[in-house]
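Working notes, structure below.
Computed from the coordinates by the stated procedures, all read-outs in this text should not be read as laboratory data. Just so you know, these numbers come straight off a predicted model, no measurement behind them. Neighbour counts are summed over all protein chains in view; Cβ atoms, including those assigned to glycine, are modelled from backbone coordinates with ideal geometry.
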Amino acid sequence: MSDANNNPLLYGLEQRIAPLPGFFSALQHVLAGLISIVTPPLIIGAALGLGPWMPYLISMSLLASGIGTLLQANRIRGIGAGMICMQGTSFAFVGVAISGGLWVKGQGGGPEDIMAMLFGVNFVAALVPVLISRFIEPLKRIFTPLITGTVIALIGISLIKVSVMNWSGGKGAGDFGSPTNIALGAGTLGVIVLLSCSPNRWLRLASIVIGIVVGCIAAALTGNFHPTMPGDSWFRLPALFPFGFQFNWAIFLPIALVSLVCVLEAVGDLTANSLISQQPIDNAAFRSRLKGGILADGLSCMVAAALCAFPNTTFAQNNGVIQMTGVASRYVGRYMAGILIVLGLFPPFGELLRQIPAPVLGGATMVMFGCVVAAGIRIITQNPLTQRDMLIVGLSFGIGLGSEAVPGALVHFPDIVATLMGSAAASGGLTAIVLNLIMPGEKASPALTARSGHDSPDSV
């Protein structure tokens with residue numbers, strides 16, 4: 001076992017897990033990522049006037065997430081990373097999707113025309129990660145531990161901002177920042193931390209679910225949680241391209257560029273996942289895992305577009321859940337996929353989970369997202385940093401965090417530039433890549449020592 005991660009796992013990557021602990025582990029991953037899955041279609045739909053189709057878009061987002069997560073966990077014929085990799089829409093796609101939809105609207109198109117264009121373009125743009133996955137080996141001097149560690153740390157920091165927003169009550173909440181909201185989040189966080197340190201494997205395994213349940217009970221007792229049974233239909237049958245298929249190069253190019261940036265984020269997420277799962281991160285087996293993971297991302301995007309969901313990419317949230325619970329078994333991914341598919345096909349279940357109070361989710365995700373940052377730092381510091389490495393990391397963090405902290409700084413640039421560089425992971429990651437290629441001295445941080453005795457990523 002690597003010194004970088006000497007905490008024993010309750011379940012290793014290839015270790016099978018019984019149904020009950022498997023379900024509890026999967027449910028915690030789903031709870032950690034649920035809001036991030038359903039929020040992009042809510043934002044895009046509201047901006048483009050797609051209100052009547054919003055429930056359908058949310059259901060298909062959950063269904064596509066489940067199918068993509070299953071691809072990643074199974075790793076059949078080299079498709080998938082063979083790890084717990086939840087799929088969902090990156091917020092980087094929100095801006096370009098809205099811009100593309102507004103362009104269609106400006107041309108006189110209605111809601112169905114907007115969706116036909118967006119999902120048609122997204123289907124073609126999915127070829128970007130598919131093609132890049134074929135060239136992972138030549139790109140290994142770009143995807144170094146120094147760069148991927150920087151990207152994953154920036155992703156975690158960005159997620160923490162979302163966690164704090166929820167902890168305070170959620171964007172636009174009338175009681176934003178109230179003592180009650182802060183107390184609910186703190187109580188949820190405290191329960192999760194206490195249980196995750198328990199020597200009892202069941203308490204540790206179910207720590208996040210128990211913490212959220214306790215938080216919901218506390219919210220109900222204080223009058224801040226009133227769950228209602230949705231009146232939507234109980235079953236939703238999916239259809240392929242129900243609004244048709246359209247394509248336009250002007251809309252395609254920005255979305256393709258965002259897809260390229262999301263590949264960089266996915267590489268960071270997959271690297272952190274491998275490290276937390278106690279797998280090697282600098283050998284042929286790891287690059288094979290990366291290749292399969294990026295390929296599955298692309299195929300997942302195609303499935304999402306066909307179902308009328310927005311592009312999928314590997315989420316970072318589940319890395320924190322693995323760290324907290326000690327469960328890295330890829331078989332948990334199958335349970336996750338099953339839960340997400342059920343939520344997509346039976347909308348009321350997903351709607352009930354979506355009613356979990358924002359402060360409770362904020363407190364629960366804070367510890368997970370903090371673990372994502374820690375995983376990125378651990379990747380960066382696997383070996384002593386040279387002065388050159390320190391400069392690359394420092395500038396990348398400065399530009400990445402600065403661009404996200406002051407989004408208006410690029411207001412006079414084209415929308416695509418503002419969208420891409422407004423993300424800490426994208427701007428910081430691109431900065432790290434450019435500096436790593438042009439700065440004199442070593443072209444990459446020292447290679448990590450490959451670990452032996454791990455299962456091949458090709459095993460199923």
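Remarks
- As an equivalent ellipsoid, the stretch 233-363 spans semi-axes of 27, 24, 14 angstrom, where each value is the square root of five times an eigenvalue of the C-alpha gyration tensor, largest first.
- GLN15 paired with VAL434, simple spin-label distance in nm, labels 7 Å along Cα-to-beta-carbon: 4.5 nm
- Summarising the label geometry, the points placed 7 Å from Cα in the beta-carbon direction at THR381 and VAL411 lie 3.9 nm from one another.
- Anisotropy class of the stretch 21-69 from Cα gyration tensor, a/c 1.5 cut: prolate
- Fraction in percent of alpha-carbon pairs per bin - 10 Å, the stretch 36-176: 10, 29, 36, 22, 4, 0
- Anisotropy class of the stretch 136-267 from Cα gyration tensor, a/c 1.5 cut: oblate
- P(r) of the chain over all Cα-Cα pairs, binned every 20 Å from zero, in whole percent: 26, 60, 14, 0
- Percentage of interatomic Cα-Cα distances in the stretch 283-352 larger than 18 Å: 56 percent
- Counting neighbouring Cβ atoms within 10 Å and putting the fewest first, the residues VAL342, VAL151, VAL130 line up as VAL342, VAL130, VAL151.
- Ranked ILE255, ILE377, criterion: other C-beta atoms within 10 Å, fewest first: ILE377, ILE255
- Ordering ASP389, ASP415, ASP282 from the fewest to the most neighbouring beta carbons within 10 Å gives ASP415, ASP282, ASP389.
- As computed over the stretch 354-430, the Cα convex hull volume per residue (Å³): 126 Å³
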